1. Condition test on residue 88, is it of a type in the set (D, E, K, R), at pLDDT 90 or above and exposed (fewer than 14 other Cβ atoms within 10 Å of the Cβ)?
2. I'd like the full set of residues that are hydroxyl-bearing (Ser, Thr, Tyr), crowded, with 18+ Cβ neighbours inside 10 Å and in a helix (DSSP H, G or I), limited to the stretch 112-161.
3. State whether the residues of the stretch 53-66 include one that is crowded, with 20+ Cβ neighbours inside 10 Å and of a type in the set (Asp, Glu).
4. List pairs: first residue in the stretch 2-26 and touching a residue at least 12 places away in the same chain (Cβ under 8 Å) and of a type in the set (A, V, I, L, M), second residue assigned to a helix (DSSP H, G or I) and surrounded by fewer than 18 Cβ atoms within 10 Å (Cβ to Cβ) anywhere in the structure, Cβ distance under 6 angstrom, at least six positions apart or on different chains.
5. Would you say residue 30 is touching a strand residue (DSSP E or B) at 6+ places or on another chain (Cβ under 8 Å) and either hydrophobic (A, V, I, L, M, F, W, C) or over 22 Å from residue 118 (Cβ atoms) (or both)?
6. Between a residue in the stretch 193-209 that is farther than 13 Å from residue 13 by Cα and any residue that is surrounded by 12 or more Cβ atoms within 10 Å (Cβ to Cβ) and at pLDDT below 55, which pairs come within a Cβ distance under 7 Å, given they are 6 or more apart or on different chains?
7. Kindly indicate the residue of the stretch 114-146 that is farther than 27 Å from residue 34 by Cβ and among the small types (Gly, Ala, Ser) and also nearest to the chain's Cα centre (by Cα) among those meeting that condition.
8. Given the conditions (1) surrounded by 20 or more Cβ atoms within 10 Å (Cβ to Cβ); (2) touching a helix residue (DSSP H, G or I) at 6+ places or on another chain (Cβ under 6 Å), which single one is not true for residue 20?
Amino acid sequence: MNKYTERLYNGIIKENPTFVLMLGMCPTLAVTTSASNGLGMGLSTTVVLVLANLLISAFRKVIPDGVRMPAYIVIVASLVTVVEFIMKAYTPALATKLGVYIPLIVVNCIILGRAESYASKNPVLPSIFDGIGMGFGFTVGLTSIGIIREILGAGQLFGHQILSLNWFTPITIFVMAPGAFLVLSFLVAGMNIIRAKMDAKGKPLAAPSGCLTGDCASCSQSAMCTGKKGE
């Protein structure tokens with residue numbers, strides 16, 4: 001597996017942002033009332049992630065360490081503004097449904113996390129593939145949750161009625177907040193089962209690392225972290 005394929009595999013399967021790293025939970029739980037919402041949010045985040053990785057990697061030797069994070073936020077905010085304007089122009093209905101969660105991509109921990117941990121330390125092309133992999137992984141997670149919630153909560157898929165209301169009674173809790181947590185928990189459990197089977201076959205997936213475990217060894221913000229493990 002070459003390094004570009006490995007970056008795609010890493011983001012979609014090995015370190016899926018939604019089901020493995022548990023990142024971006026705010027939009028994951030809030031906008032996935034339908035498959036189209038999840039797909040739209042995932043793809044818009046992917047576009048921003050890929051372009052942000054590209055620019056941050058390209059300028060990684062130019063941006064001073066002292067203003068690194070503010071520079072990343074300016075780059076991401078500019079990209080998000082462009083994406084938001086494009087969505088409002090060409091997909092106004094979707095932009096209205098996603099609402100404030102489009103501007104909030106600016107502070108999505110997936111975007112800033114990849115910028116700090118990968119794009120700022122690696123060449124442009126691998127950083128682009130890292131963005132594609134993580135973005136697609138996020139899109140798969142959101143769309144999967146949206147599909148299940150929409151089918152169970154409304155009997156629909158991408159807005160089309162697939163289960164007849166003559167015999168199917170929509171389970172409305174699935175289009176409400178508790179339904180999001182319930183579906184997410186089952187999908188995370190499914191991913192854990194897959195990880196366990198991969199471990200049993202001698203092909204273990206990567207264990208969560210970094211802030212999820214309190215491992216601050218390679219984090220540039222370690223000195224300011226209040227949640228790291230004791231020495």
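The values are calculated or read from the model by the stated rules, or taken from the named source; none is laboratory data. In this text the structure is predicted, and so the values were computed from the model without any measurement. Using ideal geometry, Cβ is built from the backbone for each residue, glycine included, and neighbour counts are taken over all protein chains shown.
1. Working: of a type in the set (D, E, K, R): yes; at pLDDT 90 or above: yes; exposed (fewer than 14 other Cβ atoms within 10 Å of the Cβ): yes.
Answer is yes for this residue.
2. 120, 127, 139, 143, 144
3. No; the residues of the stretch 53-66 include none that is crowded, with 20+ Cβ neighbours inside 10 Å and of a type in the set (Asp, Glu).
4. So the pair list comes out as 23/109.
5. On the way: touching a strand residue (DSSP E or B) at 6+ places or on another chain (Cβ under 8 Å): no; either hydrophobic (A, V, I, L, M, F, W, C) or over 22 Å from residue 118 (Cβ atoms) (or both): yes.
No: the conditions fail for residue 30.
6. 209/215
7. 115
8. The one condition residue 20 does not meet is (2).
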